[in-house]
Amino acid sequence: MRIRAAVLNAMGAARPYATSKPLTIEEIELEPPGQGEVLVRMAAAGLCHSDLSVINGDRPRPTPMALGHEAAGVVEELGPGVEDLKKGDHVVLVFVPSCGHCNPCAEGRPALCEPGAAANTAGTLLSGARRLFRRDGKPVYHHMGCSAFAEYAVVSRHSAVKVDPTLPFEEAALFGCAVLTGVGAVVNTGQVRAGSSVAVVGLGGVGLASILGAVAAGARSVVAIDVSDDKLKLAKELGATHTFNATEADLIEKVKAATKGGVDFSIEMAGATRAFETAYRITRRGGTTITAGLPPPSATWAMPSTNLVAEERTIKGSYIGTCVPSRDLPRYIELYQQGKLPVNRLMTHKLKLSEINEGFDRLHEGKAVRQVVTF
């Protein structure tokens, strides 16, 4: 079938993207689902920094690539071997498909699935197949097994989680990345307990989701740090007890003074080594620093090893919030429906597919939290 999709033909386009248009809206061919795959009609897809990192070249991927990975839609067709979904089911896409058989999957850590990671790097589906082609027969690569900035997508069954059909699509889409990653970093990676103190450095959609997760977990102090006063204001509205602009003089000392020596858990969501250093320095003795931001692969940080040992610090990475999607997505959605995770507050813009380049300009400039393309 022929579909319209946002295709990235080359990385590193000049800004503004509204002028250079790194994403072109093209009509391409989509093959039917193969063994263990499903055809999904897209309803909503969010713009995420992980998409932007491919556009600007920070996370190199093969091109041409149909982008988009945070999305929700409706099952339209089942490939051979798919028996636990039916046409009409509402699903949220997950950007790391899990094979269920590799060592991480066997340990209950599907976010670290080895074949899933290899397929995402190669730009294929979990099976190694590609279902997207140009009219001349040349392949178009899949983005993180989803390629969600399109009218339809074929994905692995392991990239889709069935969800409550009463949940609006534009809200459901946010659960696939922003909420899984942000809330999961708090409750899964950090295992934050009621009464703990938590700081979040970097208040994009994922960082603000961490604020929501910390509040829902019962943290007594929730510290929000960013360079945007507008995002700090929103964090306060979402339950942050303290807010600090990252450009303030003596920031570390101010945070430590407000939290009586530093926080129990500090979570870096900015994707920058300077932000991670801030997160580490505001963590108390014996505390845990979590990083879920993804800086360029060349970025490094000089770790103060003596401090790490003498203060019994813990540093943890968090990918997709250390999630088990089939377990966590329904739980987080129920919390949202109960009013305990106001995820809808993260959505700042709704776009048409044709407006997607302008949307990535806003994301780069920090003028949006979560923008959603609706179909």
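The values are calculated or read from the model by the stated rules, or taken from the named source; none is laboratory data. Here the structure is a predicted model, which is why all the values come from computation and not from measurement. Ideal geometry is used to build each Cβ from the backbone, glycine not excepted, and the neighbour counts take in all protein chains shown. Protein only, heavy atoms only, side chains kept; ligands, DNA and RNA dropped before computing areas. Shrake-Rupley method; radii C 1.70, N 1.55, O 1.52, S 1.80 Å.
Tabulated values for the structure
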{"item": "0 to 90° range, to nearest 10: angle between helix 205-216 axis and the chain longest Cα axis", "result": "60 degrees"}
{"item": "Inter-part distance where the stretch 274-336 and the stretch 25-60 are each reduced to a Cα centre, Å", "result": "27 Å"}
{"item": "Net charge over other residues, Cβ less than 15 angstrom from the Cβ of Arg220 (K, R count +1; D, E count -1)", "result": "+2"}
{"item": "Note, ³J(HN,Hα) from phi for the stretch 101-106, Karplus 6.51, -1.76, 1.60, rounded to Hz, x at Gly and Pro", "result": "10, 6, 4, x, 4, 5"}
{"item": "Rounded to the nearest 20 debye, dipole of the stretch 128-186 from Cβ charges on Lys, Arg, Asp, Glu", "result": "480 debye"}
{"item": "Largest to smallest principal axis extent of the C-alpha atoms in the chain, angstrom", "result": "62, 44, 38"}
{"item": "Net charge of neighbours whose Cβ lies under 14 Å from the Cβ of Lys236, counting Lys and Arg as +1 and Asp and Glu as -1", "result": "-1"}
{"item": "Local electrostatic count at Ile28 - Lys and Arg +1, Asp and Glu -1, tallied over other residues with Cβ under 14 Å", "result": "+1"}
{"item": "The chain, accessible area per residue, ligands and nucleic acids excluded (1.4 Å, Å²)", "result": "40 Å²"}
{"item": "Phi to ³J(HN,Hα) by Karplus 6.51 cos²θ - 1.76 cosθ + 1.60 over the stretch 364-375, Hz, x for Gly, Pro", "result": "4, 7, x, 9, 9, 9, 10, 10, 10, 7, 10, 10"}
{"item": "Cα-based helix-to-principal-axis angle, 325-337 vs the chain, degrees rounded to 10", "result": "70 degrees"}
{"item": "Cα-centred dipole magnitude for the chain, charges only on beta-carbon of K, R (+1) and D, E (-1), debye, nearest 20", "result": "420 debye"}
{"item": "Mean-position separation - Cα centroids, the stretch 126-164 and the stretch 167-240, in angstrom", "result": "29 Å"}
{"item": "Accessible carbon and sulfur surface of the chain relative to its total accessible area, %, 1.4 Å", "result": "49 percent"}
